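**Q** This is the structure I have questions about; it appears just below.
The values are calculated or read from the model by the stated rules, or taken from the named source; none is laboratory data. Keep in mind that what you see is a predicted model, and the values were worked out from it rather than measured. Heads up, the Cβs are rebuilt from the backbone with ideal geometry, glycines too, and the neighbour counts pull from every protein chain shown.
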Amino acid sequence: MRIHIQARGFELTDGLREHTRRRLQFAIDWASDDVRTVNVRFSDINGPRGGNDKRCLIQIPLNGSKGIVIEDRESDLYVAIDRAAERIERALARKLKRLRQFQHDRISRLETMHIDAFEEPRFAA
């Protein structure tokens, strides 16, 4: 799993980068077969004025489906990362569950169609 991290409006420190990687790996490493890339973007919306203006945006593209995008804003960027990581974990679990259920239903329908196609027609006696 590749994690791409970008920051706008401030410098990305090694500590922030490492915290983000560690937190995301802990949250979504279980889905590494389905998740190849994670994009993380940080920004400081209000600049030096303060407030709940540190934004953490996490995007996970998925094959065969729309990806997942989670955004969180806090005054402390570390808190925003933690909350966004928790939310992305839950959203990813729901999304993958739905995708797997859809694939299972689709395969079941195809198997039924395959069996029906080879059955001999029954005639009333």
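**Q** State whether one or more residues within segment 77-94 are under 18 Å from His4 (Cα atoms), among the small types (Gly, Ala, Ser), part of a helix (DSSP H, G or I) and within 11 Å of the chain's Cα centre (by Cα).
**A** Within segment 77-94, one or more residues are under 18 Å from His4 (Cα atoms), among the small types (Gly, Ala, Ser), part of a helix (DSSP H, G or I) and within 11 Å of the chain's Cα centre (by Cα).
**Q** Now for a different question. What is the one condition in (1) of a type in the set (A, V, I, L, M); (2) within 19 Å of the chain's Cα centre (by Cα); (3) part of a helix (DSSP H, G or I) that Val40 does not satisfy?
**A** All conditions are met except number (3).
**Q** Going through Ala125, Ala85 one at a time, which residue ends up being modelled with pLDDT under 95 and small (Gly, Ala, Ser)? Give the steps one after another, and end with the answer.
**A** Working: Ala85 fails: modelled with pLDDT under 95.
Step by step, each of Ala125, Ala85 is checked, and only Ala125 is modelled with pLDDT under 95 and small (Gly, Ala, Ser).
**Q** Give the residues of segment 1-37 that are part of a helix (DSSP H, G or I), surrounded by 16 or more Cβ atoms within 10 Å (Cβ to Cβ) and hydrophobic (A, V, I, L, M, F, W, C), sorted by residue number.
**A** Those that are part of a helix (DSSP H, G or I), surrounded by 16 or more Cβ atoms within 10 Å (Cβ to Cβ) and hydrophobic (A, V, I, L, M, F, W, C): Leu16, Leu24, Ala27, Ile28, Ala31.
**Q** So, Gly15, is that one out of contact with any Lys or Arg (no Cβ under 9 Å at 6 or more places or on another chain) and on the phi > 0 side of the Ramachandran plot or not? Outline the logic, then answer.
**A** Working: out of contact with any Lys or Arg (no Cβ under 9 Å at 6 or more places or on another chain): yes; on the phi > 0 side of the Ramachandran plot: no.
No; evaluated as a whole, the condition is false for this residue.
**Q** Kindly indicate whether Asp34 is touching a Lys or Arg at 6+ places or on another chain (Cβ under 6 Å) and touching a residue at least 12 places away in the same chain (Cβ under 8 Å).
**A** Values: touching a Lys or Arg at 6+ places or on another chain (Cβ under 6 Å): no; touching a residue at least 12 places away in the same chain (Cβ under 8 Å): yes.
No, not satisfied.
**Q** I need every pair where a residue in segment 63-74 that is under 14 Å from Ala31 (Cβ atoms) has its Cβ under 9 Å from the Cβ of a residue that is acidic (Asp, Glu) and at pLDDT below 95, sequence separation at least 6 or different chains.
**A** Asn63/Asp34
**Q** Among Arg17, Arg2, which is of a type outside the set (Ser, Thr, Tyr) and within 15 Å of Ala80 (Cβ to Cβ)?
**A** Values: Arg2 fails: within 15 Å of Ala80 (Cβ to Cβ).
Just one listed residue meets the conditions, Arg17.
**Q** As an exercise: evaluate Arg41 against (1) in contact (Cβ under 8 Å) with a residue 40 or more places away in the chain; (2) surrounded by 14 or more Cβ atoms within 10 Å (Cβ to Cβ) and give the number of the one condition it does not meet.
**A** It fails just one condition, (1).
**Q** Which one is farthest from Leu96 (Cα to Cα), of the residues in segment 1-30 that are in contact with a strand residue (DSSP E or B) (Cβ under 9 Å, 6 or more places away or on another chain) and in contact (Cβ under 8 Å) with a residue 60 or more places away in the chain?
**A** Of everything passing the filter in segment 1-30, Leu16 is farthest from Leu96 (Cα to Cα).
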